[in-house]
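What follows is one structure encoded as structure tokens, with my remarks underneath.
The values are calculated or read from the model by the stated rules, or taken from the named source; none is laboratory data. A quick note: this is a predicted structure, and the numbers were derived from the prediction, not measured. Positions of Cβ are generated from backbone atoms using ideal geometry, with glycine treated the same way; all protein chains shown enter the neighbour counts.
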Amino acid sequence: MQKMDHNRRAFLRFLAASPLLSGIDLAQALDDGEAVEAAADAIDIFDLHETVRGKLPPAHYGYMATGTNGDGTLRANRTAFDKFYLRSRRLVDVSNIDTRINILGRDYASPIVLCPVSSQKAFHPEGEVASARAAKRRGHLQILSNVSSTGVEDVSRARGEPVWQQLYPTMSWPVAKGVMARAEAAGCPAIVLTVDLPGTVGVRNTLERAIRRDTRDCAACHENPDIAGRTPPMYDGLTIPSSGFSQASLTWEFIDRMRNATDMKILVKGIVTAEDAELCIEYGVDGIIVSNHGGRADDSGIGAIESLAEVAGAVRGRTTILMDSGVRRGTDIVKALALGADAVAVGRPYVWGLGSFGEAGVDRALEILQYELEATMEWTGTPSLANIGSDHIGRHA
């Protein structure tokens with residue numbers, strides 16, 4: 001059956017390229033994704049999604065797949081990319097595509113960054129360590145979730161160098177300071193303050209429906225400290241306040257407190273407006289991550305790529321900009337770079353690979369995205385990242 005599915009897809013691609021069928025829309029047939037039996041068999045990111053959907057327990061898949069409310073912003077993250085188009089230049093020497101990039105003083109092989117994604121052992125027993133090994137192999141920056149299932153020391157060891165550390169500060173300064181001190185002691189060069197979840201995690205209908213469909217005894221995992229535990233490893237030894245991970249009292253002055261407590265670079269993740277971008281500049285942050293948490297944080301209904309256009313227009317090169325949420329293809333990455341991002345982060349795509357095939361799946365996800373990025377740079381006539389600019393993108397009327 002697997003060979004038949006592969007042959008079917010190859011035939012569809014042949015038909016799609018045929019001028020005889022130029023009036024037939026085969027997009028639906030080509031973009032849904034197909035479950036595969038090995039990581040190497042995945043043709044695009046959506047094959048890994050289809051595979052992991054069939055492998056994970058319903059509640060674990062629902063946790064990964066959910067957005068907020070009815071998932072409107074999650075969908076907007078994808079449809080917003082279609083509002084932009086790429087402008088290709090011809091007769092440019094693209095025989096040597098160069099995707100190398102310097103991010104806050106460190107060189108990387110690619111502008112593709114691994115987003116902080118929580119609880120990765122829910123998707124594969126090796127969790128964040130498997131992701132780190134794949135990131136090391138391909139030279140990608142990795143940002144570790146503050147609610148990871150593995151501590152920063154072990155992840156950095158697997159990565160071969162210190163990763164960046166995310167921070168959910170809670171409403172307790174000693175907790176925030178403790179996490180920062182641990183990250184700094186582990187050699188992390190940057191701390192990523194995530195500000196798009198001020199209170200509760202919101203209403204996540206998809207997750208709630210998935211939990212209802214899961215007939216397993218969840219307590220067998222979630223009450224076993226060897227598997228999950230009730231406190232994420234990065235908060236070991238710290239007393240979580242009664243308000244939990246809420247940070248409803250957080251204000252801009254918190255950045256000053258961070259600056260006085262650490263020598264790490266400080267980035268703010270979750271910025272989506274020009275006004276807040278200006279405040280980031282005012283408070284001297286080292287970088288901004290344009291993000292709506294993959295559609296999991298709020299239900300604004302606007303795609304992150306549209307927020308990037310607004311934020312980059314306000315920043316005007318005064319600080320480093322990363323962007324995440326909804327990135328699934330190499331064309332998405334080039335669009336984000338053309339709109340002003342210095343680097344582009346992905347979350348679900350590499351976790352689809354992790355849940356499907358562990359380290360090999362993460363490696364394949366990164367390989368696919370890197371290949372698509374380089375292919376897009378070829379046909380847009382941009383041999384290096386520095387060549388990608390605003391003249392390579394337009395917006396549909």
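Structural remarks
- Of the residues making up the stretch 145-166, just one is without any contact (Cβ under 8 Å) to a residue 60 or more places away in the chain, among the aliphatic types (A, V, I, L, M) and in contact with a Lys or Arg (Cβ under 9 Å, 6 or more places away or on another chain), namely A158.
- Selection count where residues are crowded, with 19+ Cβ neighbours inside 10 Å, out of contact with any Asp or Glu (no Cβ under 7 Å at 6 or more places or on another chain) and farther than 18 Å from G294 by Cβ, scope the stretch 142-166: 7
- Condition check for S249 on (1) out of contact with any Asp or Glu (no Cβ under 8 Å at 6 or more places or on another chain); (2) surrounded by fewer than 18 Cβ atoms within 10 Å (Cβ to Cβ); (3) on the phi < 0 side of the Ramachandran plot; (4) at pLDDT 95 or above: one failure, at (4).
- Residue pairs whose Cβ atoms lie under 8 Å apart, sitting 6 or more positions apart in sequence or on different chains, and linking a residue in the stretch 362-387 that is in contact (Cβ under 8 Å) with a residue 12 or more places away in the chain and of a type in the set (K, R) to a partner that is assigned to a helix (DSSP H, G or I) and surrounded by fewer than 18 Cβ atoms within 10 Å (Cβ to Cβ), are R364/A40.
- Hits in the stretch 212-246 - residues which are closer than 19 Å to A297 by Cα and either modelled with pLDDT under 75 or not aromatic (F, W, Y) (or both): S243, G244, S246
Matching residues to (1) hydrophobic (A, V, I, L, M, F, W, C); (2) assigned to a helix (DSSP H, G or I):
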{"site": "G294", "(1), (2)": "no, yes"}
{"site": "A314", "(1), (2)": "yes, yes"}
{"site": "S325", "(1), (2)": "no, no"}
{"site": "I333", "(1), (2)": "yes, yes"}
{"site": "G361", "(1), (2)": "no, yes"}
{"site": "M377", "(1), (2)": "yes, yes"}
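- Of all the residues in the stretch 119-141, those that are touching a residue at least 60 places away in the same chain (Cβ under 8 Å), touching a Ser or Thr at 6+ places or on another chain (Cβ under 8 Å), surrounded by fewer than 24 Cβ atoms within 10 Å (Cβ to Cβ) and part of a loop (DSSP other than H, G, I, E, B) number 1.
- S356 vs. criteria touching a Ser or Thr at 6+ places or on another chain (Cβ under 7 Å), among the small types (G, A, S) and at pLDDT 95 or above: yes
- All told, G23 meets the bar of being over 27 Å from E359 (Cβ atoms), modelled with pLDDT under 95 and not in a helix (DSSP H, G or I).
- Any hit, the stretch 274-283, residues being within 30 Å of I97 (Cα to Cα) and buried (at least 21 other Cβ atoms within 10 Å of the Cβ): no
- The listed residue being at positive phi and surrounded by fewer than 20 Cβ atoms within 10 Å (Cβ to Cβ), out of G326, G389, G381, G394: G381
- The strands (runs of 3 or more DSSP E) falling completely within the stretch 33-114 that include 1 or more residues that are farther than 21 Å from K335 by Cβ and in contact (Cβ under 8 Å) with a residue 60 or more places away in the chain map to 106-108.
- Subset of the stretch 167-200 [in contact with a Pro (Cβ under 6 Å, 6 or more places away or on another chain) and either free of Cβ contacts under 8 Å to residues at least 12 places away in the same chain or outside any loop (DSSP other than H, G, I, E, B) (or both)]: A176
- Failed condition for K335, given (1) modelled with pLDDT of 95 or more; (2) among the basic types (K, R); (3) touching a Gly at 6+ places or on another chain (Cβ under 9 Å): (3)
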